[in-house]
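Here's the structure we're looking at; comments come further down.
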Amino acid sequence: MPTPPDDPLPEPVAASQQKNLLSVLDATQAMLRELDGTIRFWTSGAERLYGWTSSEAVGRVSHELLQTAFPRPLHDIHAELIAQGHWQGELMHRTRDGRSLHVATHWVLQRDEAGQPSGLVETNSDITESLQADAAMRRLAAIVESSSDAIIGKDLKGIVTSWNGAAEKMFGYTAGEIIGNPILLLFPPDRVHEENDIIGRIRSGGMLDHYETVRMRKGGATFPASVSVASIRDQACSIVGASKIVRDLTEQKEREQHLREVQAQLFHAQRLTELGQLVSTLVHEVNQPLTAITNYTGAGLRLLDAGNARSATMALQKIGEQAERANQIIARLRNFVRGGATDRRPEDLGGVIDEAVALASSSLKSTDVRLRTRLHSVADKVSADRVQIQQVLFNLVRNAAEAMQQSPRREVLVATAPNSDDLIEISVADTGPGLPPEIRAHLFQPFFTTKGNGMGIGLSVCRSIVEAHGGQLWADDNPTGGTVFHFTLPRPSAVAT
């Protein structure tokens, strides 16, 4: 035990009392010091707490030695100490090895026989870890309360023990209404059996991760949900309950349904457009012999009419009627599959691309193609038929993915950029083998294809759609390897009203 200087305590404390007091103090994290901070006695507990020995500490000013940070001005603390005879609060200290300590401190004033303040006993307790733990708990509580997912605690009997704000919004029950009640209130009748399975898994130390199910709000409305459950353990590591995270999947399911509907619409539009391109080409080819038949029929009628060959005239009339009928059928079919004029309106290009890329991604799940977008902030609005442009993007992305089947790196980048004051440029770049010149020369011709099962009209349809919008479609080499398809669309301001 360090030896205190002579007369460490004011009279009239007896020598035996002084010795006993110092012995008790030595076991604590304490010091005796003057009001100005000069240390008179430094206990072994203080040595263990701060790292300085008694010989190093005695005679030093404690505030300087420990680099004390006070919660308020020191003279205010001294005034309270003298008026009350003691003061307690929290301080920041620095140890010998440079660590910061947050301590709870208690000062007791010492007076001499004349009643004048002569010093004080300062006792300090390290509360750094407990404060850090409290701060961590507060942060955790803030995270739980601010979470958009419902976070629910329950015991092993299925009784709700905690309930955050998101749970209240999601299920409609306040914490006061649900805590202490069975969690089965949140289960539709046909899902009640799930709770026994969940509790059984938790009791065995297991967990549940992103289990998709159905849960029930106050009032009986049900909604699709993703549920994750983990065990809660006490200080002895015994499982005493479960923490459950519930995510409302209603919006996600609606988005998925919307994507499925758009995908079906795109596939339908694609089939109709490809059929329209096919019919248009066939009409172009068939119209020539049909025109010849019509002309020959008219000439034959005139000749036969001059010869009064009645039966021949009737036959020629039938030929003419059938030829005209064929023309009408083909015309009606072409008009039907075309579906009318392009329905262009101002569209958010980012939304059009995101939806098309999402659809393409869903169709490429079995591949390892990586789809990325890079959207220019200025190239944000176009005048377009949303479905038709998504059809173009879907075709270009799908073609890019198919072109990279044998490539070691499979990446598709869909990007936008201003092309001019009136046009926005969209590009679809792949990392495939590129296009040989002999293929590029025929790329957009109807019925030209390099695919064994292709019709050869996809890119031809894409070019027709883009040109109907007042834009252009073309292909270039990708500087980093592969091919880039570009097409332009007009800005809304560039379209005459």
Residue check, residue 379 of a type in the set (A, V, I, L, M), over 16 Å from residue 360 (Cα atoms) and either in a helix (DSSP H, G or I) or open to solvent by 20 Å² or more (accessible area, probe 1.4 Å) (or both):
no
Pair list, Cβ under 8 Å, 6 or more apart: the range 187-199 residue without any contact (Cβ under 8 Å) to a residue 24 or more places away in the chain and at negative phi, other residue among the hydroxyl-bearing types (Ser, Thr, Tyr) and open to solvent by less than 60 Å² (accessible area, probe 1.4 Å):
194/213
Go through the range 388-412 and give me each residue that's assigned to a helix (DSSP H, G or I), farther than 14 Å from residue 466 by Cβ and open to solvent by 30 Å² or more (accessible area, probe 1.4 Å).
398, 399, 402, 403
Residues of the range 47-84 being touching a helix residue (DSSP H, G or I) at 6+ places or on another chain (Cβ under 7 Å) and either small (Gly, Ala, Ser) or open to solvent by 40 Å² or more (accessible area, probe 1.4 Å) (or both), which ones?
47, 53, 54, 57, 70
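For residue 143, state whether it is farther than 30 Å from residue 48 by Cβ, modelled with pLDDT of 90 or more and open to solvent by 40 Å² or more (accessible area, probe 1.4 Å). Steps first, answer last, please.
Working: farther than 30 Å from residue 48 by Cβ: yes; modelled with pLDDT of 90 or more: no; open to solvent by 40 Å² or more (accessible area, probe 1.4 Å): yes.
The answer is no for residue 143.
Sort out which residues of the range 45-67 are of a type in the set (Val, Ile, Thr) and within 22 Å of residue 78 (Cα to Cα), and write them in order of number. Before the answer, list the steps.
Looking only at the range 45-67, we keep the residues that are of a type in the set (Val, Ile, Thr), and these are 53, 58, 61.
Answer for the range 45-67, where residues must be of a type in the set (Val, Ile, Thr) and within 22 Å of residue 78 (Cα to Cα): 58, 61.
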Pairing a residue in the range 459-471 that is among the hydrophobic types (A, V, I, L, M, F, W, C) with any residue that is open to solvent by 30 Å² or more (accessible area, probe 1.4 Å) and in a helix (DSSP H, G or I), where Cβ atoms lie under 6 Å and the two sit 6 or more apart in sequence or on different chains, gives 461/273; 461/274; 461/277; 465/388
Spot the failing condition for residue 135; the list is (1) out of contact with any strand residue (DSSP E or B) (no Cβ under 7 Å at 6 or more places or on another chain); (2) surrounded by 15 or more Cβ atoms within 10 Å (Cβ to Cβ); (3) under 30 Å from residue 51 (Cα atoms), and only one is missed.
(2)
Qualifying residue in the range 131-144 (condition: among the β-branched types (Val, Ile, Thr) and closer than 21 Å to residue 40 by Cα):
no
Any residue in the range 413-427 that is open to solvent by 10 Å² or more (accessible area, probe 1.4 Å), modelled with pLDDT under 90 and outside any loop (DSSP other than H, G, I, E, B)?
no
Which numbered condition residue 121 misses (of (1) over 32 Å from the mean Cα position of the chain (by Cα); (2) surrounded by fewer than 17 Cβ atoms within 10 Å (Cβ to Cβ)):
(2)
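With part of a helix (DSSP H, G or I), open to solvent by less than 40 Å² (accessible area, probe 1.4 Å), modelled with pLDDT under 85 and more than 30 Å from residue 343 (Cα to Cα) as the only criterion, which of 297, 281, 291 stands out? Full working, then the answer.
Working: 281 fails: more than 30 Å from residue 343 (Cα to Cα); 291 fails: open to solvent by less than 40 Å² (accessible area, probe 1.4 Å).
Answer to the selection: 297.
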Tell me yes or no: at least one residue of the range 353-372 is surrounded by 14 or more Cβ atoms within 10 Å (Cβ to Cβ), in a loop (DSSP other than H, G, I, E, B) and at pLDDT 85 or above.
yes
Condition check for residue 66: of a type in the set (A, V, I, L, M) and modelled with pLDDT of 90 or more
yes
The range 207-226, residues that are surrounded by 12 or more Cβ atoms within 10 Å (Cβ to Cβ), in contact (Cβ under 8 Å) with a residue 24 or more places away in the chain and not polar (S, T, N, Q)
207, 214, 215, 216, 217, 218, 223, 224, 225
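The values are calculated or read from the model by the stated rules, or taken from the named source; none is laboratory data. What you see is a predicted model; the values in this text were computed from it and never measured. Note: ideal-geometry Cβ built from the backbone for every residue, glycine included; neighbour counts use all protein chains shown. Areas reflect the complete protein model, heavy atoms only, side chains present, ligands, DNA and RNA absent. Shrake-Rupley method; radii C 1.70, N 1.55, O 1.52, S 1.80 Å.
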